[in-house]
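The structure appears below as structure tokens.
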Amino acid sequence: MDLKELLDQVHDEASFLAFVRGLLQDWRTDGASWENGTVEDFLESALAWGESTRVGSSQGIGSASPWKRAATLLYCGKIYE
């Protein structure tokens, strides 16, 4: 299952942890494709996305579970510039 599919399935603790496991695997197998290659850059980008979108509220996921919003924050650490 690809990372985006795992993200789409996050709704509780177990699915959040499955997503984090998938995120780690994605880094291990294809880290060169990540927008942010250091922990500092990853966290800065996740934070920037969280602040600019109110953790997804402006993108329509404000009513999603906290697990889904946290997973999306981590996902954006990978892709957000």
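The values are calculated or read from the model by the stated rules, or taken from the named source; none is laboratory data. Remember, predicted model here, so these are calculated numbers, not experimental data. FYI the Cβ positions are ideal-geometry reconstructions off the backbone, even for glycines, and counts take in every protein chain you see. Note: accessible area is taken over every heavy atom of the protein model, side chains too, but ligands, DNA and RNA are not part of it. Shrake-Rupley method; radii C 1.70, N 1.55, O 1.52, S 1.80 Å.
Over all Cα atoms in segment 1-48, the spread is summed up by Rg and Dmax: 11.4, 29 Å. Note on the chain: with a GNM built from Cα contacts shorter than 10 Å, the maximum mean-square fluctuation among G22, G56, G37 falls on G37. Using a Gaussian network model of the chain in which every pair of alpha carbons under 10 angstrom is joined by a spring, one finds that among V55, V20, V39 the greatest mean-square fluctuation is at V39. Toward the positive end of the charge dipole of the chain, with +1 on the Cβ of Lys and Arg and -1 on the Cβ of Asp and Glu, the farthest Cα among F42, S58, T29 is that of S58. For segment 1-16 versus segment 48-81, the inter-centroid distance based on Cα atoms is 14 Å. An ellipsoid equivalent to the chain, defined through the eigenvalues of its Cα gyration tensor, has semi-axes of 19, 17, 9 Å when rounded to whole angstrom and sorted largest first. Sorting 4-13, 67-76 by their mean Cβ neighbour count within 10 Å, with the most densely packed peptide first, gives 67-76, 4-13. Rolling a 1.4 Å probe across all protein chains gives E35 an accessible area of roughly 100 Å². Solvent exposure of the chain, expressed per residue, is 62 Å² of accessible area, with all protein chains present and a 1.4 angstrom probe. The modelled label-to-label distance between E35 and S52, using points 7 Å beyond Cα along the C-beta direction, is 0.7 nm. Using C-alpha pairs below 8 Å separated by at least 6 residues, the relative contact order for the chain is 39 percent. For segment 20-37, backbone nitrogen atoms closer than 12 Å to the point 7 Å from M1 Cα along Cα-to-C-beta are found at 20-23. Entry note, the chain: the mean residue ellipticity at 222 nm calculated from DSSP H runs of n ≥ 4, each adding -39500 (n - 2.57), is -21000 deg cm²/dmol after division by the residues and rounding to the nearest 500. Taking segment 50-74 and a reference point 7 angstrom along Cα→Cβ of V20, the backbone N atoms nearer than 17 Å belong to 65-74.
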